[in-house]
Amino acid sequence: MESEVKLAFATKEELFGIIDNEWFSDFCLDTAPKEAVKITNTYYDTPDRAFMKKGGSIRVRVYENEDGKRFEQTVKYGGGVTEGLHQRYEWNVDISTDKCDLSKFKKMAEEADDPTDLFNEILEDIDTDNLVPICSIEIERTTYMFGFGDSMMEACFDYGVI
């Protein structure tokens, strides 16, 4: 189960201004300047929006930095939003290209901690050949790690366009 809070800011300067706040440095494990990673997310669905109708989504994410490109495919399902807190099931697999391929999830689903019956439900009757791109998002992501008690959290500063 993934949990995340999404906040929006009017400007890039306002977003990154958070780093200068005392509360940020009190919990951040390393406040040294970080290099941004270019990320392109492409979301897919069937022409009749079968994923969306089931309450799910699928995306292919391309990470790009000076070391090259890395590709990841994600299926998200269920959950909801309460006062800005997003919670849903999420399954990720590394892939070798930016092409969507649902068959890559079969082995991963057997080893996942999240319930496989939910995973199978979202992928039931979905054929990779029927998937079409719905939209793309290009961002630059800067990531900081936080620790609180026994928990580790990731703070991602995303700036980009849909």
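The values are calculated or read from the model by the stated rules, or taken from the named source; none is laboratory data. Please read these numbers as outputs of a predicted model, since none were measured by experiment. Accessible surface is based on the protein model in full, side chains and every heavy atom, while ligands, DNA and RNA are left aside. Shrake-Rupley method; radii C 1.70, N 1.55, O 1.52, S 1.80 Å.
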Quiz item: Just how much of SER57 is accessible, in Å², when a 1.4 Å probe is used and the result is rounded to the nearest 10?
Solution: 40 Å²
Quiz item: Under a 1.4 angstrom probe, counting protein chains only, how are ILE134, ILE18, ILE162 ranked by accessible area, largest first?
Solution: ILE162, ILE134, ILE18
Quiz prompt | Contact order normalised by residue count of the chain, Cα under 8 Å, 6+ apart, percent | solution = 28 percent
Quiz item: Roughly how many Å² is the accessible area per residue of the chain, as a whole number, for a 1.4 Å probe?
Solution: 64 Å²
Self-check item: Where N is the number of residues in the stretch 39-154, Cα Rg divided by 2.2 N^0.38 Å
Solution: 1.13
Practice problem: Post the alpha-carbon centroid distance, the stretch 139-162 to the stretch 33-109, in whole angstrom. | Solution: 17 Å
Exercise. With only alpha-carbon atoms counted, please give the Rg and Dmax of the stretch 1-93, in Å.
Key: 16.6, 49
Self-check item: Listed pairs LYS6/LYS104; LYS6/LYS69; LYS34/LYS104; LYS12/LYS38 exceeding 20 Å between Cα atoms
Solution: LYS6/LYS104; LYS6/LYS69; LYS34/LYS104
Quiz item: How much length is gained on full extension from LYS99 to ASN21, taking 0.36 nm per residue of separation minus their Cα-Cα distance?
Solution: 24.0 nm
Quiz item: Can you give the accessible area of THR40 in Å² (nearest 10), computed on protein heavy atoms with a 1.4 Å probe?
Solution: 30 Å²
